[in-house]
Amino acid sequence: MGWTISPFAVIVFGSSVVALAVGVAALRQRPDPIAWPLAALMFAAAAWALPHGVALGYSSVEQVAFWHQLRYPGTVLAPVAYLVVALRYAGYERWLSRRSYALLSIVPAITITAVWTNPSHGLFWESLSIATVGGASVLVPEFGPLYWISLGYLYSITVLGLVVYAIAIARSGSVYRKQAVLLFVAAFVPLATNVAMNFGMGPEPTVDLTTTALAVSGLVFALALFYFDLLSLRPVARDRLVEALEDGVVVVGPDGEVRDFNPVAGRIFDGITVGQPADELLSSNVVSDGGELVVENGGEERRFRPRSTPLTDGRDREIGRIVYLQDVTDVTEHEQRISVLNRILRHNVRNELNVVLGHLELLERRSTGGSVEHVETAIESSRRVVEFSEKARHVEQTLQGRDSAVEASATDVVDRVVSDARGRYPHADIAVELPERADPDDRVSVVDLELFELAVAELIENAVEHHDCSSPRVTVRVEPDGELISIRIADDGPGIPEPERKILSSRAETDLVHGSGLGLWLVQWTASLSAGELSIGDNEPRGTVVTLSLPVADGDASADCGQSRTN
């Protein structure tokens, strides 16, 4: 007889369609590490269900047996894929190597080989017969030893996957526990269905509905995927990461209650409990001090810098927030000590040097002959130290408490700075090239207007004072460039030494590697604090080009710089 449809075949075919749909949806989530094993699991389920559905419609033993043989690759690969999904979900990727995959594949490979070579050895099944259940043909084999060995192995790795999910449930915070429970159920249902079928826990004979259970499993995975963001949130791995953080982490639910917290937060807030109102927790334990939180715990005062991040689900709905508490106690005390030390040193250096300068100037007026040259040298050196002190004072004032940027006209600043530089250095040829269009097209966003002017002045001063010719030539050019405006200072001098250029890319100066002063550091800080860039290149045929690029204010400046004019 030919092939006939039955209700059981429709159910099994429907299972394969669901599995394929979930597999395709999972593949679209790549490169998430859970995407491909979840897709492999669903495709294996479909490879199991499709031949099984076809086998249910035939009536001869040979045809039914042939289609049962075709279903075995999916049958033996599905449990392996279940285990891989579980391990990746729970953060145990270190257990998955090429060797692990090879070992996991040994028994499935033997099973598939035994199924197709069974007529020559009879170790997988000894005899085959057919029974009809609800219009469907059910294969009734007399299984041999290899079948039970294979089944025991596949049950073992499926149970291992269940154990991994159980660990995930135990270790996950309350926010993610529902997701882990869904995955446990998704793995348990097919196993329970197959055990009932293989060990006669129902009417005999019966249709194997394990593939239908796999479809249910696929639907549960889809629920976790689309509603609980399975592929983006891996709770156990995230919890382990959060536990390892040195910062306190508190998860607050939509009702404002504490849902979870890491051990550091437990130490910060003595007596914190799940379900406690978060606002009450903060108000009873914390005192605000200039944007920082001061916590009294065990007679010790610690300072924390709070930061809150919304927590959303897979449908971008806000389901709470995560509060991070960064311990800045040591940093704050360190900054305070440095600030006090710098302030005292600058104040004393400036006052004492002003006294020295007064006496030197008086001595200069009274000196004659060769001694005048020595006095002038001492005066010049003392003035440089005072200038360094003033620059350091301005930098410290700028760096402290600066929360927002200011707008400034790049052309206006360059005009003012160049005009002052021409007065200070009459022997230098300082040219200016500005864009035709003025304010607001040339407005930049900077951390501080005075610091911006000082940075441009430093670059011009550096180009003139470190020149090796009597008539230095310096060109200052303002060039709008998309979202940035660049101020380029080009000279024809000897260039900035390579060691000083490298200093700007290091985190700190040392006794053996240090710059000649605050100049380049000041320009570098101006750029970084203003979200800009500083670059140093070579001028042709000789010299250096230093470029200070700053963001356009409000992002509305034109990239078209028009035609230049030279002053």
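The values are calculated or read from the model by the stated rules, or taken from the named source; none is laboratory data. Quantities reported herein were computed from a predicted structural model and do not represent experimental measurements. As a convention, Cβ positions derive from the backbone with ideal geometry for all residues, glycine included, and neighbour counts pool all protein chains shown. Note: accessible area is taken over every heavy atom of the protein model, side chains too, but ligands, DNA and RNA are not part of it. Shrake-Rupley method; radii C 1.70, N 1.55, O 1.52, S 1.80 Å.
Within segment 443-461, take every residue that is assigned to a helix (DSSP H, G or I) and touching a residue at least 60 places away in the same chain (Cβ under 8 Å) and give me the one that is farthest from Asn539 (Cα to Cα).
Leu451
So which residues in segment 462-476 are more than 19 Å from Val432 (Cβ to Cβ) and either aromatic (Phe, Trp, Tyr) or in contact with a His (Cβ under 7 Å, 6 or more places away or on another chain) (or both)?
Passing the criteria: only Ser470.
Among the numbered criteria (1) in contact with a helix residue (DSSP H, G or I) (Cβ under 8 Å, 6 or more places away or on another chain); (2) assigned to a helix (DSSP H, G or I); (3) at pLDDT 65 or above; (4) open to solvent by less than 90 Å² (accessible area, probe 1.4 Å), which one does Asp415 miss?
Looking at each condition in turn, Asp415 falls short on (1).
For segment 468-499, what are the residues that are surrounded by fewer than 17 Cβ atoms within 10 Å (Cβ to Cβ), touching a strand residue (DSSP E or B) at 6+ places or on another chain (Cβ under 9 Å) and of a type in the set (Asp, Glu)?
Result: Asp481, Glu483.
If I go through segment 141-156 residue by residue, how many of them are touching a residue at least 24 places away in the same chain (Cβ under 8 Å) and either over 28 Å from Phe8 (Cβ atoms) or loosely packed, with under 14 Cβ neighbours inside 10 Å (or both)?
1
Can you tell me which residue among Arg393, Arg402 is open to solvent by 20 Å² or more (accessible area, probe 1.4 Å), assigned to a helix (DSSP H, G or I), more than 20 Å from Asp491 (Cβ to Cβ) and at pLDDT below 90?
Step by step, each of Arg393, Arg402 is checked, and only Arg393 is open to solvent by 20 Å² or more (accessible area, probe 1.4 Å), assigned to a helix (DSSP H, G or I), more than 20 Å from Asp491 (Cβ to Cβ) and at pLDDT below 90.
Can you tell me which residue is farthest from Ala531 (Cα to Cα) among those in segment 446-501 that are of a type in the set (S, T, N, Q) and modelled with pLDDT under 90?
Ser470
Which members of segment 246-263 meet the condition of being open to solvent by less than 70 Å² (accessible area, probe 1.4 Å) and in contact (Cβ under 8 Å) with a residue 60 or more places away in the chain?
Asp247, Gly248, Val249, Val250, Val251, Val252, Gly253, Asp260 - these are the residues of segment 246-263 that are open to solvent by less than 70 Å² (accessible area, probe 1.4 Å) and in contact (Cβ under 8 Å) with a residue 60 or more places away in the chain.
Residue under question is Glu243, and the condition is that it be under 19 Å from the mean Cα position of the chain (by Cα), surrounded by fewer than 17 Cβ atoms within 10 Å (Cβ to Cβ) and at pLDDT below 75; does it hold?
In short, yes.
Kindly indicate which of Val249, Val189 is modelled with pLDDT of 80 or more and within 21 Å of Val323 (Cβ to Cβ).
Checking each option against the conditions leaves just Val249.
Can you pull out the residues in segment 87-121 that are among the small types (Gly, Ala, Ser) and either at pLDDT 90 or above or open to solvent by 20 Å² or more (accessible area, probe 1.4 Å) (or both)?
Once the filter is applied, which keeps residues that are among the small types (Gly, Ala, Ser) and either at pLDDT 90 or above or open to solvent by 20 Å² or more (accessible area, probe 1.4 Å) (or both), segment 87-121 yields Ser97, Ser100, Ala102, Ser105, Ala109, Ala114, Ser120.
In segment 27-35, is there at least one residue being in a helix (DSSP H, G or I), out of contact with any Asp or Glu (no Cβ under 7 Å at 6 or more places or on another chain) and of a type in the set (Gly, Ala, Ser)?
Within segment 27-35 (the criterion being in a helix (DSSP H, G or I), out of contact with any Asp or Glu (no Cβ under 7 Å at 6 or more places or on another chain) and of a type in the set (Gly, Ala, Ser)), the answer is yes, since at least one residue qualifies.
Are any residues in segment 517-552 in a helix (DSSP H, G or I) and hydrophobic (A, V, I, L, M, F, W, C), and if so, which ones? Break it down stepwise before answering.
The first filter runs over segment 517-552 and keeps only residues in a helix (DSSP H, G or I), leaving 519-529.
Scanning segment 517-552 gives Leu520, Trp521, Leu522, Val523, Trp525, Ala527, Leu529.
When you scan segment 54-73, do you find a residue that is at pLDDT 85 or above, open to solvent by less than 20 Å² (accessible area, probe 1.4 Å), within 20 Å of Val216 (Cβ to Cβ) and assigned to a helix (DSSP H, G or I), even just one?
So far as segment 54-73 goes, no, none of its residues is at pLDDT 85 or above, open to solvent by less than 20 Å² (accessible area, probe 1.4 Å), within 20 Å of Val216 (Cβ to Cβ) and assigned to a helix (DSSP H, G or I).
Which condition number does Gly135 fail, the rest of (1) in contact (Cβ under 8 Å) with a residue 60 or more places away in the chain; (2) out of contact with any Ser or Thr (no Cβ under 8 Å at 6 or more places or on another chain); (3) surrounded by fewer than 15 Cβ atoms within 10 Å (Cβ to Cβ); (4) not hydroxyl-bearing (Ser, Thr, Tyr) being met?
(2)
Would it be correct to say that Asn354 is more than 22 Å from Leu451 (Cα to Cα) and either at pLDDT 75 or above or open to solvent by 60 Å² or more (accessible area, probe 1.4 Å) (or both)?
yes
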